[in-house]
Structures are given as C-alpha cells and as structure tokens.
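Asker: Sharing a structure here in structure tokens format.
The values are calculated or read from the model by the stated rules, or taken from the named source; none is laboratory data. It should be emphasised that the depicted structure is a prediction, and the values quoted were computed from it without experimental measurement. Heads up, the Cβs are rebuilt from the backbone with ideal geometry, glycines too, and the neighbour counts pull from every protein chain shown. To get the accessible areas, we keep the full protein, side chains included, count just its heavy atoms, and leave off ligands, DNA and RNA. Shrake-Rupley method; radii C 1.70, N 1.55, O 1.52, S 1.80 Å.
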Amino acid sequence: MNIVKESIGYKLHKICSQLQKSTKGILREVGITGDNYITMNYIYENPGITQAELADINQKDRNVIGKTIDKLEAKKLVKRIRGEKDRRSFRLYITETGKGVISKYWSVISKIEEKRLQKLNME
C-alpha cells in the first residue's frame, strides 16, 4: 500500500495538475496562465477589489499578486484605479478586453473540467 498515493490530498493534487495541463495550451493563445485566468475571474466577480484582498483570497503573497496584476495590466486585461479614500491602494477592475477573454474561454474551460471530472466516482 502506498500511503501517499492513497491520500485524498495527493489525489486532489493530481486532479488539479491534470486540469492545469488541459487548459495551459488554450490560455497560451492569450499569453496567460491558469492562475492568471482565475485571478481575472476574481476581479471580474469582485470589481474594485484591492490587491491585498485578492492576495488574501488567493492565499498568495502580495508581491506575487502584484506581479500577476502587472502582467495582466500590461496585456490590458485588468486595470488599476487609485483608491479615493486611501491614495496608496489601488482598486482592480477587469477591462473590456479582459471580459472578452473570460467570456471566450469560460465555456471551453468548463467543458474540459466537466470531461475530466466525469471519470471521478466515490472510490
């Protein structure tokens, strides 16, 4: 018996890795990663979210989120707007181009996930 391979954590990790591999090529067309796409969706669903809030939601370091936002902003997929109350912070918004990317790839990625997850059962 291989304890690691029988653990739920290992199995979930393998599922996530397979899903990431499946979407990697599709998102490469736009020059973003799966994590970038997830970040864009968080911003889309939470317009005006701060980088600090986004870091907390994603459970990632603020510097990592900052670099992700830099990349997405350079591709004109998200935009930063300086906060009115706290001029040191920025609010994040999805651009029209970003909305187009989300719209275009959402159904494709959902179908990939659905196909991959069909193979799961209670075992």
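Asker: Being over 14 Å from the mean Cα position of the chain (by Cα) and touching a residue at least 40 places away in the same chain (Cβ under 8 Å) is the filter here, so list the residues in the stretch 56-94 that pass it.
Answerer: Across the stretch 56-94, the qualifying residues are LYS75, PHE90, ARG91, LEU92, TYR93.
Asker: Let me ask something else. Which residues, taken from the stretch 92-123, are outside any helix (DSSP H, G or I) and of a type in the set (A, V, I, L, M, F, W, C)?
Answerer: LEU92, ILE94, LEU120, MET122 - these are the residues of the stretch 92-123 that are outside any helix (DSSP H, G or I) and of a type in the set (A, V, I, L, M, F, W, C).
Asker: Hey, ARG28 hits all of (1) in contact (Cβ under 8 Å) with a residue 40 or more places away in the chain; (2) within 23 Å of GLU113 (Cβ to Cβ); (3) among the charged types (D, E, K, R) but one; which does it fall short on?
Answerer: Just one mismatch for ARG28, condition (1).
Asker: Further question: Can you tell me how many residues within the stretch 1-36 are modelled with pLDDT of 80 or more and loosely packed, with under 11 Cβ neighbours inside 10 Å?
Answerer: 3
Asker: Report yes if ILE32 is in a loop (DSSP other than H, G, I, E, B), within 14 Å of the chain's Cα centre (by Cα) and more than 30 Å from LYS5 (Cβ to Cβ), otherwise no. If you could, list the steps in order and put the result at the bottom.
Answerer: Values: in a loop (DSSP other than H, G, I, E, B): yes; within 14 Å of the chain's Cα centre (by Cα): yes; more than 30 Å from LYS5 (Cβ to Cβ): yes.
It is true that ILE32 is in a loop (DSSP other than H, G, I, E, B), within 14 Å of the chain's Cα centre (by Cα) and more than 30 Å from LYS5 (Cβ to Cβ).
Asker: Moving to a separate point now. Scanning the stretch 37-91 for residues that are small (Gly, Ala, Ser) and part of a loop (DSSP other than H, G, I, E, B), which turns out most open to solvent (accessible area, probe 1.4 Å)?
Answerer: SER89
Asker: Another question, if that's okay. On the basis of being of a type outside the set (Lys, Arg) and in a helix (DSSP H, G or I), does ILE26 make the cut?
Answerer: Against the criterion (of a type outside the set (Lys, Arg) and in a helix (DSSP H, G or I)), ILE26 qualifies.
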